[in-house]
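Enquirer: Pasting in a structure now, in structure tokens, and then I'll have a few things to ask.
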Amino acid sequence: MTPSATLLTVLALLGSPAMLAAPDARELPEGPSRPDSDILLSPPSLANISRVPRTVEVKLTAAETKLSILPGKISDVFAYNGKLPGPTLEVREGDRVIVHFTNDLPVETTVHWHGMHLPYESDGSPFHPIPPGGKRVYTFTLRPGSAGTYWYHPHPDHKTGYQIAKGLYGAIIVRAPDDPLPATLTEKLLILSDNRFQPDGALDFPDPHSSEGLTDRENGRECAVILVNGRVMPTIDIRPGEVQRWRVINASAARIFRLAIPGQTFVQVGTDGGLFEKPVEMNEILISNSERVELLVRGSGKPGETTVLQTLPYDRYVPQTRPVDWNKPRDVLKLRYTTQPPAPPVVIPAMLRSIPAIDTTKATVRRNITLSAGLINGKTMDMSRVDVTAKLGATEIWEVENIVGMDHPFHLHGFQFQLLDRNGVPEKDRRWKDSINVPKHETARFVVRFDNHPGLWMLHCHILDHEDHGMMAILEVK
Ligand code: C2O
Ligand code: CU
Ligand code: CU
């Protein structure tokens, strides 16, 4: 393939050519300097302490600390290396990763590497709790083709939602040696979450028996304050005509984001397990709990203008506990156009990579997984029970059916899968996924191959209150 055969300009993908042509690229004066405290900051990257080639060795500590989340207020939080979100684990395909983890929390915890294909002992599932003061070394190797956006978070039995709400979550970025997108694109990481505070800034956890507590139990802990990288309504600066690459993670316990920028489209280039085969133009992006998306966002406004990234109403609820203001759009962040001259056009490849299909004719097992109110296949989680046994090396087709009137985002540990159809309608594009939303009364079918890594793996709803109350099951691969 010659590059010119695979290239497609953003002109076609991203809208009006006139906006991209930079007709009068005369230098414009910069605006007056302004306090940039509201600028969206990316979490720092974990420092690599290894000298060994293709090895990333890092230290991660979870501890209690005090941080300002709301302006002028201090909150008691749990944080990785004192940061909220935790520092980003930045690695490359083929790297061997060694994480020296210390639990300085007063409670037991684990670190789960969400979406990673790794040995069972390093999954950080509830099978391997780390007591207060304890340590654990997590090791895994990033296989070719796994470049993408992932995240890490605690996964102790029954306490995942609480510990993530207290501040324990961070991003993982796996880079490819042959990333097809231009390296010149400005990259932004957006870890979306929400939280609830008392007037003094303390994190608010309602009494589980109060009506707020019972609503949280039903809906999941959806909170009024939306955060991006732990900040309220931060600002991203974008140059007119510039194309930015955004990696977005939904780290919230229960909120499903339906992202849109009024009057403009996104080009989605990737999801959980990395880039798509081809970019797709989208008016809005639905991102359920624990999913990731990679987007190209074009600065289609005029110099000095501002606009917002919003989350649009999305009805995932049962009528009894649907929040009164569910149908109002919410602002997530401010997008501010600089006064620089328009950026020159950017060329985006029409073909990003090829994703080999998992051969469904090799599937030896078809399974039905039923999601209902708090239950998987009619049961709550039992750590001493294996719910599903699969043969090492097997290809299986799973049909996940939601039989109730509330959405449940379904997640499988350890293995990326390919969605085949939803409600019998075939998926148009092949993508690597580890989490999918299964809306009310809908069914999704995927194919998965248990190619290696025997062990015990969790499958669960990623609404954390559902997971913590037992909407989780155990898959044994052997
Ligand atoms: Cu994001 Cu079982 O986890
Ligand atoms: Cu996971
Ligand atoms: Cu659920």
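The values are calculated or read from the model by the stated rules, or taken from the named source; none is laboratory data. This one's a predicted model, so the numbers in the text were calculated from it and none came from an experiment. Cβ atoms come from the backbone with ideal geometry, glycine included; neighbour counts cover every protein chain shown. Side chains included, ligands, DNA and RNA excluded: accessible areas come from the protein's heavy atoms. Shrake-Rupley method; radii C 1.70, N 1.55, O 1.52, S 1.80 Å.
Enquirer: About its Cα centre, how strong a charge dipole does the chain have in debye, to the nearest 20, once Lys and Arg get +1 and Asp and Glu get -1 at the Cβ?
Expert: Details: 52 positive and 56 negative charges, 144 e Å.
That gives the chain a dipole magnitude of about 700 debye.
Enquirer: Please report the base-10 log of the normalised intensity I(q)/I(0) for region 255-340, using a Debye sum with one equal scatterer per alpha carbon and no solvent, at each q in 0.13, 0.18 (1/Å).
Expert: -0.51, -0.87
Enquirer: Now for a different question. With every protein chain left in place and a probe of 1.4 Å, what is the accessible surface of residue 431, to the nearest 10 Å²?
Expert: That residue has around 60 Å² of solvent-accessible surface.
Enquirer: Between region 196-262 and region 146-162, how far is it from one alpha carbon centroid to the other, in angstrom?
Expert: 16 Å
Enquirer: Between residue 384 and residue 143, how many nm apart are label points set 7 Å from Cα along the C-beta direction?
Expert: Those two pseudo-labels are separated by 3.4 nm.
Enquirer: Could you do me a favour and compute the accessible area per residue for region 132-233, 1.4 Å probe, result in Å²? Before the final figure, lay out the partial values.
Expert: Values: 4100 Å² over 102 residues.
That works out to 40 Å² per residue.
Enquirer: Amide H neighbours of residue 227 under 5 Å, at least 5 residues apart or on other chains, H built in the peptide plane: list them.
Expert: 193, 194, 195
Enquirer: Where both residues lie in region 360-477, what percent of DSSP beta bridges are antiparallel, nearest 5? Present the calculation step by step, with values, prior to reporting the outcome.
Expert: Values: 30 of 41 bridges.
For region 360-477, the DSSP antiparallel bridge percentage is about 75.
Enquirer: What three numbers, in Å, describe the spread of the alpha carbons of region 91-202 along their principal axes, ordered from the longest?
Expert: Each principal axis gives a Cα extent; for region 91-202 these are 45, 37, 19 Å.
Enquirer: Which order do you get for 392, 333, 312 if you rank them by accessible area with a 1.4 Å probe, largest at the top?
Expert: On the way: 392 80, 333 0, 312 40 Å².
Largest to smallest exposure gives the sequence 392, 312, 333.
Enquirer: Another question about this same structure. With a 1.4 Å probe and all protein chains kept in place, how much accessible area does residue 214 have, in Å² rounded to the nearest 10?
Expert: Approximately 100 Å² of residue 214 is accessible to the 1.4 Å probe.
Enquirer: Something else now. Give, rounded to the nearest 20 debye, the magnitude of the charge dipole that region 360-477 has about its Cα centre when Lys and Arg contribute +1 at Cβ and Asp and Glu contribute -1 at Cβ. Write down the numbers at each step before the final one.
Expert: Values: 14 positive and 16 negative charges, 96 e Å.
Dipole size: approximately 460 debye.
Enquirer: Something else: Multiply the residue gap between residue 54 and residue 183 by 0.36 nm, knock off their C-alpha separation, and tell me the result in nm, one decimal place.
Expert: Values: separation 129, 0.36 × 129 = 46.44 nm, distance 2.08 nm.
Length difference between fully extended and current span is 44.4 nm.
Enquirer: Oh, and also: If you find the alpha carbon centre of region 339-354 and of region 77-100, how far apart are they in angstrom?
Expert: Cα centroid of region 339-354 versus Cα centroid of region 77-100: 30 Å apart.
Enquirer: Order 437-443, 354-360 from most to least packed using the mean count of other Cβ atoms within 10 Å.
Expert: 437-443, 354-360
Enquirer: If I stretch the segment between residue 305 and residue 74 completely, what's the gain in nm (0.36 nm per residue apart, minus their alpha carbon distance), one decimal?
Expert: Numbers: separation 231, 0.36 × 231 = 83.16 nm, distance 3.27 nm.
Contour length minus Cα-Cα distance gives 79.9 nm.
Enquirer: Tell me the per residue accessible area of region 361-402 using a 1.4 Å probe; a whole number in Å² is fine. List each step's numbers first, then the result.
Expert: Details: 2180 Å² over 42 residues.
On a per-residue basis, region 361-402 sits at 52 Å².
Enquirer: At a probe radius of 1.4 Å, what is the per-residue accessible area of residue 277, in Å² to the nearest 10?
Expert: Its heavy atoms expose roughly 40 Å² to the probe.
Enquirer: Output ³J(HN,Hα) for region 39-47: one whole-Hz value per residue in order, computed from phi by the Karplus curve 6.51 cos²θ - 1.76 cosθ + 1.60 with θ = phi - 60°, and x for Gly and Pro.
Expert: 5, 5, 9, 8, x, x, 8, 5, 6
Enquirer: Quick one: with all protein chains in place, what share of the accessible area of region 360-477 is carbon or sulfur, to the nearest percent (1.4 Å probe)? Could you put the intermediate results ahead of the total?
Expert: Working: 2190 of 4450 Å².
Taking all protein chains in place, region 360-477 shows 49 percent carbon and sulfur surface.
Enquirer: Here is a further query. If the viscosity is 1.567 mPa s and the temperature 4 °C, what Stokes-Einstein diffusion coefficient in µm²/s follows for region 360-477 when Rh is the Kirkwood radius over Cα pairs?
Expert: Details: Rh = 14.2 Å.
Value of D from the Cα-based Kirkwood radius: 91 µm²/s.
Enquirer: Moving to a separate point now. What Kirkwood hydrodynamic radius, in Å, does region 409-478 give when the mean of 1/r is taken over all pairs of distinct Cα atoms and then inverted? Please report the intermediate quantities before stating the final value.
Expert: On the way: mean 1/r = 0.0768 Å⁻¹.
Taking the inverse mean of 1/r over all distinct Cα pairs, region 409-478 comes out at 13.0 Å.
Enquirer: Here is a further query. How high is the FRET efficiency between residue 357 and residue 404 when r is their beta carbon distance and R₀ equals 51 Å, given to the nearest 0.05?
Expert: Details: r = 32 Å, r/R0 = 0.62.
Efficiency for this residue pair is about 0.95.
Enquirer: Working from the alpha-carbon coordinates of the chain, get Rg over Rh, Rh being the Kirkwood radius.
Expert: Numbers: Rg = 22.0 Å, Rh = 23.1 Å.
With Rh from the inverse mean 1/r over Cα pairs, Rg/Rh is 0.95.
Enquirer: Taking the Cα centre of region 265-314 as origin and charging only Cβ (+1 Lys, Arg; -1 Asp, Glu), how large is the dipole, in debye to the nearest 20? Please report the intermediate quantities before stating the final value.
Expert: Numbers: 4 positive and 7 negative charges, 36 e Å.
So the magnitude is around 180 debye.
Enquirer: Would you please give the residues with an amide H less than 5 Å from that of residue 291, counting only those at least 5 places away or on a separate chain, with H modeled from the backbone geometry?
Expert: Hits under the 5 Å cutoff: 250.
Enquirer: Give the cross-link partners of residue 83 among the aspartates and glutamates, using a straight C-alpha distance below 13 Å as the criterion and excluding same-chain residues fewer than 8 apart.
Expert: List returned: 64.
Enquirer: If the reach is capped at under 13 angstrom between alpha carbons, list the aspartates and glutamates near residue 362, excluding any in the same chain fewer than eight residues apart.
Expert: 396, 451
Enquirer: Let me ask something else about it. So in the chain, what percent of DSSP beta bridges are antiparallel if you round to the nearest 5? Before the final figure, lay out the partial values.
Expert: On the way: 90 of 128 bridges.
That works out to approximately 70 percent antiparallel.
Enquirer: Shifting gears a bit: Find which of 205, 180, 169 sits farthest along the positive direction of the dipole of region 125-213, computed with +1 on the beta-carbon of Lys and Arg, -1 on that of Asp and Glu, about the Cα centre.
Expert: 180
Enquirer: Something else: Can you tell me the order of 216-225, 419-428, 126-135 when each peptide is scored by its average per-residue count of other Cβ atoms within 10 angstrom, highest first? Mind showing how you got there, number by number?
Expert: Numbers: 216-225: 20.4, 419-428: 12.6, 126-135: 15.3.
Answer by packing, highest mean first, reads 216-225, 126-135, 419-428.
Enquirer: Considering only protein heavy atoms and a 1.4 Å probe, what is the carbon-and-sulfur percentage of the accessible area of region 201-247?
Expert: Of all accessible area on region 201-247, carbon and sulfur atoms account for 52 percent.
Enquirer: Using a 1.4 Å probe over the heavy atoms of the protein chains, calculate the carbon and sulfur portion of the accessible area of region 55-175 as a whole percent.
Expert: Working: 2180 of 4100 Å².
Roughly 53 percent, rounded to a whole number.
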